[in-house]
Amino acid sequence: MPDNRILRSLLTDAAERGIAYREDGVQRHVAPSEDAVRAVEGFVEPMPVDASDEAEVLSMLDELGSPATMMMTGPRYFGFVIGGSLPVTVATNWLTTAWDQNVGMHEVTPATSTLERVAMGWMMELFGLPADCAASFVTGATVANFTALAAARNRIYANIGWNVEADGLIGAPAVTVIVSEETHPTVFKSLGLLGFGRNRVVRAAVDEQGRIDVSRFPEIDGPTIICTQAGNVNTGAFDPVGEICALAKPKGAWVHVDGAFGLWAAASPDRAHLCSGFADADSWATDAHKWLNVPYDSGIAFVRDTAALKSAMAITAEYLMTDTEFRNPSDFTPELSRRARGVDVWAALKSLGRKGVAEMIDGCCSNARRFAKGLSVAGFEVLNDVVLNQVLVSFGDVATNRNVINEVQEEGTCWCGVTVWQNKPAMRISVCNWSTTEEDVDRSLEAIIAIADRLVT
């Protein structure tokens, strides 16, 4: 019989260590120290023969692991578009882990299946998507893109009389896939996994901000899938999806939107215009572990054509309880086994409400503009129109730019990433954390500018 005293002691210890980590992280250097990184080699040992004390295992994990983590949950991490996880979502994530539900069939997991269904409905309302869309919780935008494009593949092939599920792609008619010159690598990965190939695409030209230029859009001829973008990973720019849909729909093409973080702009009344016409598309992908600030991992795919998504994802077997009047989650996801990701999304939306989500989005965008203004006033070149939460700043040539970014990362006040935008080396600043304040921005600006002033000649 399990010893509840051991259970309580372990979980209480873990909670206290987790709380301390989050509290200390507000002031800690964002990147781990060199000593901390070296110390993780302490995990490297032969597989133990005998059992280890459970409390000692947890202690070792915290004492060696915690100092060597990147403080992605903190308010001055700007390296990638990564949210910091709202306190309520950390709490619900812990509780959901304790539940340990495999959310595959409603009859087996009614609580988590229902919470996911509610969260999906709220997000469709928030984004202005058709209320009868199908949706699925997956690991992240990579798999959300894959899931939505799998539905696109099935529908496009069904329209030309080919059963891709039964007959595969060998000998199948050709399907044209149109992507942007700025399409994110995860879309190409998805296309490869789906058998379309990463390179057998037609690329649409973009403007100086990375938006598809509709005036130069490729001719749509025959069965076609079009991949568009909400929120360029460098500039934050949005493709004119409404205009593209107007071109594509009369030709029977499927329009997909990769909205990993940009789709959340629809939740802000001040930024919803960036998503104008997006509801006319056929599928959408986004992440909740980005701008909704829930813990990793949490991606969501939305698909207008429920039958197409189910044909690509559904699974049956004699031992599975698939007969139900409710939605079976496993009919809509690549995985049969997965954790209850939707609970954290439900908790974030329930606690914030529509106004709170909008305020979080707007706050990040305001802080991004503050970054851009501060860097511009200091004499450095901001390369993009700051329409969302992304800022690109150049400090000169490749070597100088790299040196500035290396020192910023090592100095530890903040952590920003490196990129190249239209042949110019740049620092990329992604503001996506609910807890980032104007003070955090100003502290970060002071550190960045001091380093750049010293290194830029």
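Restricting to the range 431-450, count the residues that are touching a strand residue (DSSP E or B) at 6+ places or on another chain (Cβ under 8 Å), part of a helix (DSSP H, G or I) and not β-branched (Val, Ile, Thr).
Adding up the residues that qualify gives 1.
Residues of the range 254-306 being closer than 21 Å to Thr176 by Cβ, of a type outside the set (Lys, Arg), surrounded by fewer than 24 Cβ atoms within 10 Å (Cβ to Cβ) and in contact (Cβ under 8 Å) with a residue 60 or more places away in the chain, which ones?
Asp305
If only one of Asp213, Asp221 is over 18 Å from Thr286 (Cβ atoms), free of Cβ contacts under 8 Å to residues at least 12 places away in the same chain and surrounded by fewer than 18 Cβ atoms within 10 Å (Cβ to Cβ), which one is it?
Selected residue: Asp213, the only one of Asp213, Asp221 that is over 18 Å from Thr286 (Cβ atoms), free of Cβ contacts under 8 Å to residues at least 12 places away in the same chain and surrounded by fewer than 18 Cβ atoms within 10 Å (Cβ to Cβ).
Answer with yes or no whether Phe80 is surrounded by fewer than 20 Cβ atoms within 10 Å (Cβ to Cβ), in contact (Cβ under 8 Å) with a residue 60 or more places away in the chain and of a type in the set (Phe, Trp, Tyr).
So Phe80 fits the description; yes.
Sort through Leu375, Leu388, Leu392 and tell me the only one that's crowded, with 16+ Cβ neighbours inside 10 Å and touching a Gly at 6+ places or on another chain (Cβ under 6 Å).
Leu388
I'd like to verify a number: residues in the range 397-430 that are within 14 Å of Leu455 (Cβ to Cβ) and either assigned to a loop (DSSP other than H, G, I, E, B) or in contact with a Ser or Thr (Cβ under 7 Å, 6 or more places away or on another chain) (or both), how many?
3
Of all residues in the range 393-426 being acidic (Asp, Glu) and in contact with a helix residue (DSSP H, G or I) (Cβ under 7 Å, 6 or more places away or on another chain), which is nearest to Val30 (Cα to Cα)?
Per the stated criteria, the residue is Glu411.
Can you name every residue in the range 185-210 that is buried (at least 20 other Cβ atoms within 10 Å of the Cβ), of a type in the set (Val, Ile, Thr) and without any contact (Cβ under 8 Å) to a residue 40 or more places away in the chain?
Once the filter is applied, which keeps residues that are buried (at least 20 other Cβ atoms within 10 Å of the Cβ), of a type in the set (Val, Ile, Thr) and without any contact (Cβ under 8 Å) to a residue 40 or more places away in the chain, the range 185-210 yields only Val206.
How many of the residues making up the range 13-60 are assigned to a loop (DSSP other than H, G, I, E, B), of a type in the set (S, T, N, Q) and over 30 Å from the mean Cα position of the chain (by Cα)?
Summing the residues that are assigned to a loop (DSSP other than H, G, I, E, B), of a type in the set (S, T, N, Q) and over 30 Å from the mean Cα position of the chain (by Cα) in the range 13-60 gives 1.
Could you pull out the residue among Ala51, Ala31 that is of a type in the set (Gly, Ala, Ser), over 30 Å from Asp331 (Cα atoms) and surrounded by fewer than 19 Cβ atoms within 10 Å (Cβ to Cβ)?
Sole residue among the options that is of a type in the set (Gly, Ala, Ser), over 30 Å from Asp331 (Cα atoms) and surrounded by fewer than 19 Cβ atoms within 10 Å (Cβ to Cβ): Ala51.
Can you pull out every residue in the range 396-423 that is surrounded by fewer than 16 Cβ atoms within 10 Å (Cβ to Cβ) and touching a Pro at 6+ places or on another chain (Cβ under 6 Å)?
Val398
I'd like to check something: does the range 120-140 contain any residue that is over 18 Å from Val303 (Cβ atoms), surrounded by fewer than 20 Cβ atoms within 10 Å (Cβ to Cβ) and modelled with pLDDT of 95 or more?
No: zero hits.
Give the range 285-318 a look and list any residue that's among the acidic types (Asp, Glu), modelled with pLDDT of 95 or more and either out of contact with any Lys or Arg (no Cβ under 8 Å at 6 or more places or on another chain) or not in a loop (DSSP other than H, G, I, E, B) (or both), or say none.
Asp287
Exactly one of these conditions fails for Pro75: (1) modelled with pLDDT of 95 or more; (2) surrounded by fewer than 12 Cβ atoms within 10 Å (Cβ to Cβ). Give me its number.
Of everything listed in (1) modelled with pLDDT of 95 or more; (2) surrounded by fewer than 12 Cβ atoms within 10 Å (Cβ to Cβ), Pro75 misses just condition (2).
The values are calculated or read from the model by the stated rules, or taken from the named source; none is laboratory data. Values in this document were obtained by computation on a predicted structure and should not be read as measured data. Positions of Cβ are generated from backbone atoms using ideal geometry, with glycine treated the same way; all protein chains shown enter the neighbour counts.
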